1. Within the stretch 53-67, which residues are among the hydrophobic types (A, V, I, L, M, F, W, C) and open to solvent by 30 Å² or more (accessible area, probe 1.4 Å)?
2. For the structure I just gave you, tell me whether residue 139 is among the aliphatic types (A, V, I, L, M), more than 16 Å from the chain's Cα centre (by Cα) and either modelled with pLDDT under 95 or over 20 Å from residue 252 (Cβ atoms) (or both).
3. Tally time: how many residues in the stretch 393-415 are surrounded by fewer than 20 Cβ atoms within 10 Å (Cβ to Cβ), over 20 Å from residue 46 (Cβ atoms) and in contact (Cβ under 8 Å) with a residue 24 or more places away in the chain?
4. Can you run down the residue pairs with Cβ atoms below 7 Å, 6 or more apart or on separate chains, where the first is in the stretch 376-392 and in a loop (DSSP other than H, G, I, E, B) and the partner is hydroxyl-bearing (Ser, Thr, Tyr)?
5. Going by the conditions given, is residue 133 in a helix (DSSP H, G or I), in contact with a Leu (Cβ under 8 Å, 6 or more places away or on another chain), touching a residue at least 24 places away in the same chain (Cβ under 8 Å) and not polar (S, T, N, Q)?
6. When the residues of the stretch 104-115 are narrowed to those that are more than 21 Å from residue 250 (Cβ to Cβ) and open to solvent by 20 Å² or more (accessible area, probe 1.4 Å), which ends up nearest to the chain's Cα centre (by Cα)?
7. Could you list, in sequence order, the residues of the stretch 154-178 that are open to solvent by less than 70 Å² (accessible area, probe 1.4 Å) and in a loop (DSSP other than H, G, I, E, B)?
8. Within the stretch 80-102, can one find any residue that is touching a Ser or Thr at 6+ places or on another chain (Cβ under 9 Å), at pLDDT 95 or above and either surrounded by fewer than 16 Cβ atoms within 10 Å (Cβ to Cβ) or in a helix (DSSP H, G or I) (or both)?
Amino acid sequence: MSPSRRAFLAFNGATLGASLLPRGLLAAVESRAAPMPRLDDWGKIRAQFRLVPDYVHLAGFYIASHPAPVRAAIDAFRQALDENPFLVVERGMFETEAENLQSKVRGDVAAYLGGRPEEVALTPNTTTGLALVYHGLPLKPGDEVLVTTHDHYVHHEAIRFATERNGASVRKFALFDDASSATAGGIVSRVREAIRPATRVLGITWVHSSTGMRLPVRAIADALQEVNRQRGGDERVLLVVDGVHGLGAVDESVAAMGCDFFSSGAHKWMFAPRGTGIVWARAENWARLKPVIPSFSDLEAYRAWMDDRAPASPTNARRATPGGFLAYEHQWAMGAAFRMHQQMGRARIAARIRELNGRCKAGLAEVRGVKLHTPLDPALSAGICCFELQGLSPDAVVQALLSRRIIASTSPYKVSYARLSASVFNTPKEVDTAVAAVRTLAAA
């Protein structure tokens with residue numbers, strides 16, 4: 001008998017007759033969850049979150065509070081798993097494509113990204129996604145990975161680990177000297193100047209958690225396209241983007257940004273279940289990668305193992321999706337978060353985040369003793385506002401705000417700043433409260 005999804009990971013030769021299977025799994029689960037609520041005003045959106053009302057929550061980008069539609073989806077999938085774990089996992093993962101719950105999630109994600117379901121790999125977080133990309137790329141001695149000095153620890157470390165194994169080199173460069181005065185043209189010029197003949201990959205971050213800078217990714221991609229016109233296929237520069245603080249906060253279609261690989265957690269601005277994320281790439285770029293972790297999502301990889309041969313098709317997003325058993329109720333409930341964002345409207349969300357954080361930046365910029373590091377230009381910023389307060393360390397600023405029940409954060413970098421970040425569950429009044437508190441600290 002040829003391998004099938006039903007055979008994949010089935011134990012003791014168990015054969016599942018149709019009479020033993022639960023009725024349409026997705027339909028059964030969705031019938032237990034409440035329909036998507038009306039989200040036509042910001043008060044209704046705030047009501048979806050269980051955030052305690054006696055704090056001003058201005059660090060929501062760190063990890064999501066699950067909104068009601070996501071909680072309901074998680075609970076419904078968890079109940080189904082607890083009631084019949086074997087049948088639910090078999091049917092939801094390894095049976096027909098029509099019942100495959102990962103495929104349903106990919107469809108919801110792709111609709112938001114502006115791409116196709118087959119372009120989406122499912123991961124636990126940005127860190128895993130970046131590691132899968134950098135370790136999967138066929139780099140060799142003499143090749144160079146170019147990365148900026150502004151990227152997060154996990155981005156730099158994923159590159160370091162990969163290049164230590166494959167013998168490629170890594171070089172860091174600065175996109176700007178001062179984020180607050182940087183320009184899109186200046187950033188793109190520095191990218192052009194940094195590219196060398198040996199450069200094969202450029203790694204960047206869409207929105208920097210260090211300064212709140214938002215990069216002009218499309219313009220950077222266009223500059224690389226000019227470089228690549230003069231190069232052969234194996235010598236072109238690939239653009240890898242850490243997109244976690246742009247996804248869900250900025251009104252751009254990932255599939256139209258011009259990057260080759262886009263990695264993001266979904267449990268920050270997207271409000272998806274904690275421990276979920278994605279990597280997006282087109283088919284020709286997935287084909288460049290060597291898989292890093294065995295997949296439970298690609299039937300051809302399983303058939304090849306059964307036949308003791310190499311897979312007959314190129315690497316794809318399914319094959320790059322890490323296998324192993326996990327919290328399926330969280331992964332399968334991702335779609336609820338992406339559907340919630342679709343209902344709220346990406347442009348509307350981005351405008352609200354721009355409005356609130358623009359208000360925050362403008363207020364902070366007027367406080368004597370405050371140095372604002374995030375650009376005032378909304379085209380070069382998103383939902384993170386980074387600043388210094390003369391005479392106080394960033395940690396002291398955060399602790400002082402916390403004593404006033406305002407939750408802020410610090411940037412986890414060698415040079416650290418205090419951060420305020422307004423999301424769609426915040427209000428202008430809360431932003432004003434935080435700015436007033438900073439003004440009080442500055443006057444003390």
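The values are calculated or read from the model by the stated rules, or taken from the named source; none is laboratory data. Only a predicted model underlies this, so the values are computations on that prediction, with no experimental measurement involved. So basically every Cβ, Gly included, is an ideal-geometry build from the backbone, and we count neighbours across all protein chains shown. Please note that ligands, DNA and RNA were not included when accessible areas were found on the heavy atoms of the full protein model with its side chains. Shrake-Rupley method; radii C 1.70, N 1.55, O 1.52, S 1.80 Å.
1. Matches in the stretch 53-67: 63 only.
2. yes
3. Final tally of qualifying residues: 5.
4. Correct list of pairs: 383/421; 383/423; 384/209; 384/374; 384/421.
5. Answer is yes for this residue.
6. So the residue we want is 107.
7. 167, 168, 174, 175, 176, 178
8. yes
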